[in-house]
Structure formats: C-alpha cells, structure tokens
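Data first, discussion second: the structure below is written as structure tokens.
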Amino acid sequence: MNSFLIISRCAPYGSAAAREALELALACALFDREVAILLLDDAVYQLLPDHNPSAIGQKNLAAMQQSLPLYDVDKIFICQSSLETRGLVTEALALPVTPVDSQGLKALMRGYEAVINV
Amino acid sequence: MSESTLHILNRGPNQPELLQHLLDALSEGDEIILIEDGIYWASEHFAGRFQLAQPLILGADAQARGLTNLCGETVDDAGFVDLCVKHRRSVSWC
C-alpha cells in the first residue's frame with residue numbers, strides 16, 4: 001500500500017491516541033509513503049497553540065506537529081463542522097490546515113488506499 | 001458534611017451526551033469540576049450550557065491544552081482535594 005489517510009478523532013493528552021496518530025503519520029512518511037492527516041471531532045483541539053503539558057507530566061505534542069512538514073507530511077485536513085461545533089476557526093490554529101466539508105470527506109476517503117482511524 | 005455532590009467530568013465535546021447526563025443529574029448546591037479533556041467545555045463557545053452552576057476548572061489540565069478565555073474559576077490540585085472533601089459524594093462522568 002502506498003497512500004495512507006490517518007483519521008485522528010481525539011483531543012491531545014487525555015489519551016495516547018493523538019500522539020499515536022502523529023507517530024503513525026511520521027512512520028508512514030519515513031517509509032516514503034504518501035500520507036495525509038484528517039482531524040475530526042475533538043482532534044481539532046490538537047492544533048490549539050501554546051500547549052504547556054509539563055504540569056501534567058506529559059511531553060508537548062507541538063514539537064512533533066511542527067516536524068510534520070520536515071517529513072513532507074503537509075496534507076493536514078480538518079473537518080469544518082467539527083471546528084464550527086467547537087467555536088474554532090482555522091486562523092487560530094498552530095499549523096496550516098485545509099478545511100473539508102462532507103463532500104470533501106467523501107473525496108478524501110476515495111483518494112487513499114488505506115484509511116486508518118486512530 | 002453537606003448532602004451535596006461534586007460532579008467530575010473528564011470527557012470533551014466528542015461525548016455531548018455525557019455533559020447532558022451530568023447536567024440532568026445536578027441538584028442545588030452541587031458543583032462541577034472539569035478535568036482532562038473535560039476542560040474544553042469551559043471554552044466561551046459552550047458557556048451557555050452551564051446555567052445551573054458555573055464549572056470549576058483544573059488549572060494544570062487547561063494550561064496543558066493551551067485553552068484560553070475560560071469560563072469558570074480555576075483550581076489547583078489542592079483545591080480539587082478540598083472540593084472532594086467538601087461534598088458528601090463525588091461522581092466521575094467518564
């Protein structure tokens with residue numbers, strides 16, 4: 001398989017899911033696979049700026065997020081309705097993202113050989 | 001010790017029913033504390049949900065997630081312990 005869409009649905013820090021999705025994306029990129037990330041539901045909170053998780057004894061996810069473009073993971077899609085439900089706008093997020101609506105979601109699913117929900 | 005309850009919510013807007021159950025179960029004198037992913041409910045966007053009781057927010061969890069403009073008073077770990085002692089019972093919504 002050569003192309004992967006990784007769907008992340010969880011907020012950061014409350015569980016390991018957000019970190020695992022990022023690790024998977026980086027692993028795919030290391031093996032020269034085409035990879036895109038789709039942030040759905042509470043995963044949109046992963047891109048709020050200024051995380052400071054030292055007080056809860058966790059590593060900051062921001063460093064990993066910022067390394068994505070270095071590994072040519074530059075396709076980060078974000079669900080428009082998930083943003084709206086949470087009162088967020090793309091301009092407030094820490095990385096450039098492409099908003100997608102429900103039509104866009106359908107197209108994304110069909111655009112990749114493997115779709116992985118984390 | 002009063003007859004009141006401390007409601008602890010640690011899940012975010014992915015589980016809207018959970019917040020609704022908490023609010024349905026709320027009695028006068030009860031308090032709500034938002035922890036872990038629950039703190040996202042303290043963003044201004046959701047302020048209208050908490051008409052019966054303004055939630056308290058665990059500061060370290062809010063800071064970790066980079067959430068600003070919070071609606072509700074912030075407490076530290078010691079304050080969380082005080083709340084658990086103050087109320088007759090605590091309920092974790094998770």
Please give the number of the condition B:Tyr40 fails out of (1) surrounded by fewer than 18 Cβ atoms within 10 Å (Cβ to Cβ); (2) at pLDDT 95 or above; (3) of a type in the set (Ser, Thr, Tyr); (4) closer than 23 Å to A:Arg86 by Cβ. (1)
Does A:Ala18 satisfy the criteria of being under 10 Å from the mean Cα position of the chain (by Cα), modelled with pLDDT of 95 or more and within 25 Å of B:His45 (Cα to Cα)? yes
Within region B:35-54, does at least one residue satisfy the condition of being in contact with a Ser or Thr (Cβ under 7 Å, 6 or more places away or on another chain) and within 12 Å of chain A (Cβ to nearest Cβ)? no
Which pairs do you get when a residue that is facing chain A (nearest Cβ under 10 Å), found in region B:55-74, comes within reach of a residue that is in a loop (DSSP other than H, G, I, E, B) and aromatic (Phe, Trp, Tyr), reach meaning Cβ atoms under 8 angstrom, with the pair 6+ apart or on two chains? B:Asp61/A:Tyr13; B:Ala64/A:Tyr13; B:Arg65/A:Tyr13
In region B:15-23, is there at least one residue being assigned to a loop (DSSP other than H, G, I, E, B) and without any contact (Cβ under 8 Å) to a residue 40 or more places away in the chain? yes
Residue hits (region A:23-57; crowded, with 22+ Cβ neighbours inside 10 Å and without any contact (Cβ under 8 Å) to a residue 60 or more places away in the chain) are A:Ala25, A:Cys28, A:Val35, A:Ile37, A:Leu39, A:Asp42, A:Ala43, A:Val44, A:Tyr45, A:Gln46, A:Leu47, A:His51
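The values are calculated or read from the model by the stated rules, or taken from the named source; none is laboratory data. Computed from a predicted model, the values in this text were never measured in an experiment. All Cβ positions, glycine included, derive from the backbone under ideal geometry; neighbour counts span all protein chains shown.
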